[in-house]
Amino acid sequence: DAYRIFWSLSLYDIHVPSGEYRRLAAAAKADARTLLRDGRVQLSALPPSRRAEHERLTALAAKLSREGEAHEAHVQSVRTALSQLARSLFVDVQEKNKVSLRVLQECMMRRVLHSLEDAAFCARFAFLLHELGFTYWSTIQFVGKVVKEVPPLAFGATRAEVRRLGLFLSLVLSQVEAWRASRKLFAEEAVPETRAGFAIRFVADAAAAPKISFDTFVNNLYNWNNAIADSLADSLLSDDYHATCNAVVLCVALQSAFPSSAAAGGRVLAALETLLVRVTENESRADLRLMVQSLLSQYKRASKSWMQDVDYFHGTKKGGELARDALRSSLARRKAAEGAEGVSSNETADQVPTAALTSGPGSRSRKDSSRHSNDSNHNNNNGHHRPQQQQQQQ
């Protein structure tokens, strides 16, 4: 039943691009008002052709509103039907601890490669299973496996497949990053009693299963980001031209969700700078050089928004420790600076002991702990007047 359900559903069945419906309807209404010059011209005073256009735009706006409402009703009916299977769908699977891995490997990874719409569907379907509280579905295990498998697979794929894999991974990362950004949202959506996605043990009763803590989740996400950065950096500097090009394409596809931490971003940024030097020296790689130059400039602009470790771990025990370390370091540097000012104003250089010039709180250079600094909606048309489901990355 799980395979049948997965392959019978589409993105239209599980996701409503409400904002897109509203945007298109509003645009049609605005165009209709423009024909009337914002009310300064009566409809009856318009030439027949403009009157017909006004009627068409008005009808289109009304149709989009109706389609949006019908789409919402359809998705709600699908969700209701799926929720009735939440406790029974995976019960017969022998290895309960591998449910999410099997769905990913036997269903999703095959479908993701078909199209951008399928890639978006797979990411949203995974989190729908989490939201509906499917028994034995492990979201934490699913995300970890996606992070581990998608980059290596992308490096050997076609460019079109890389974009699809990138969209899939970016949607997954976007959701977990939203949970990292808010402890409250994490508690409400990731680890409520009715959902087993972050359970430590695989048991039938989600409410009885202990869940991972917010601190552990943030630490896992930080490690996942670094793992992606390491994979990208290694492939960017690979001797395999195909793998290098695909790594650049994957970086572009992930930009909406990765990197978010300075540590991961810095690793990729440094690799891009090294790669640019290489391809600049090789005149036969002009196409790759242009791609790298464009991506590198985007990374440098985005680096201003990357979070240092102290900000990334904000709200966790580790974040508090990093904040205290940063404060102590700042106070030590200030004390050293104040001491140096006192020496320069009250003593001559000959009167200062040699030891005072070579030791003290601020004399040691501190290694920057964040030397790695680091950087989907996606639409698809469903019908003549149906708005795009996801904004496809080109």
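Rule-based calculations on the coordinates, nothing more; no lab input. Because the structure is predicted, anything quoted here is derived from the model rather than measured. Cβ placement follows ideal geometry from the backbone for every residue including glycine, while neighbour counts extend to all protein chains displayed.
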Point to revise | Two-decimal Rg/Rh across the range 12-138, once Rg and the Kirkwood Rh are taken from alpha-carbon atoms | key: 1.24
Exercise for review: Please give the length that would be gained between residue 242 and residue 203 if that part of the chain were fully extended, namely 0.36 nm times their separation in residues minus their C-alpha to C-alpha distance (nm, one decimal).
Suggested key: 9.6 nm
Point to revise | Normalised contact order of the range 20-159, rounded percent, pairs of Cα under 8 Å and 6 or more residues apart | key: 22 percent
Exercise for review: Could you tally the net charge around residue 104, taking each other residue with its Cβ under 11 Å from the Cβ of residue 104, Lys/Arg +1 and Asp/Glu -1?
Suggested key: +4
**Study point:** Total charge dipole magnitude, the range 18-83, about the Cα centre, Cβ charges on Lys, Arg, Asp, Glu only, Debye to nearest 20
**Key:** 240 debye
Study note, to complete from the structure: Between residue 62 and residue 282, the two model label points (7 Å from Cα along the beta-carbon direction) sit apart by a distance in nm of 6.2 nm
Review point. Using the per-residue mean of other Cβ atoms lying within 10 Å as a proxy for protection, in what order, highest first, do the peptides 46-54, 235-243 fall?
Key: 235-243, 46-54
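To the nearest µm²/s, what D does Stokes-Einstein give for the range 86-311 at 25 °C and 0.890 mPa s, using the Kirkwood radius over alpha carbon pairs as Rh?
Values: Rh = 18.4 Å.
This corresponds to a translational diffusion coefficient of 134 µm²/s.
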Review point. Given labels modelled 7 Å from the Cα in the Cβ direction, how far is it in nm from residue 74 to residue 4?
Key: 2.2 nm
Check your understanding: Taking the Cα atoms of the range 18-83, what is the range of coordinates along each of the three principal axes, in descending order and whole Å?
Key -> 55, 18, 12
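Would you please report the Å³ per residue occupied by the convex hull of the alpha carbon atoms in the range 90-135? Intermediate values should be presented prior to the final figure.
Values: hull volume 2.9 nm³, N = 46.
Spread over its residues, the Cα hull of the range 90-135 gives 62 Å³ apiece.
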Check your understanding: Taking a label point 7 Å from the Cα of residue 308 along the Cα→Cβ vector, which residues of the range 255-275 have an amide N closer than 15 Å to it?
Key -> 261-264, 266
Review point. So how far apart, in nm, are the two label points at residue 97 and residue 158 if each is 7 Å from Cα heading toward Cβ?
Key: 3.9 nm
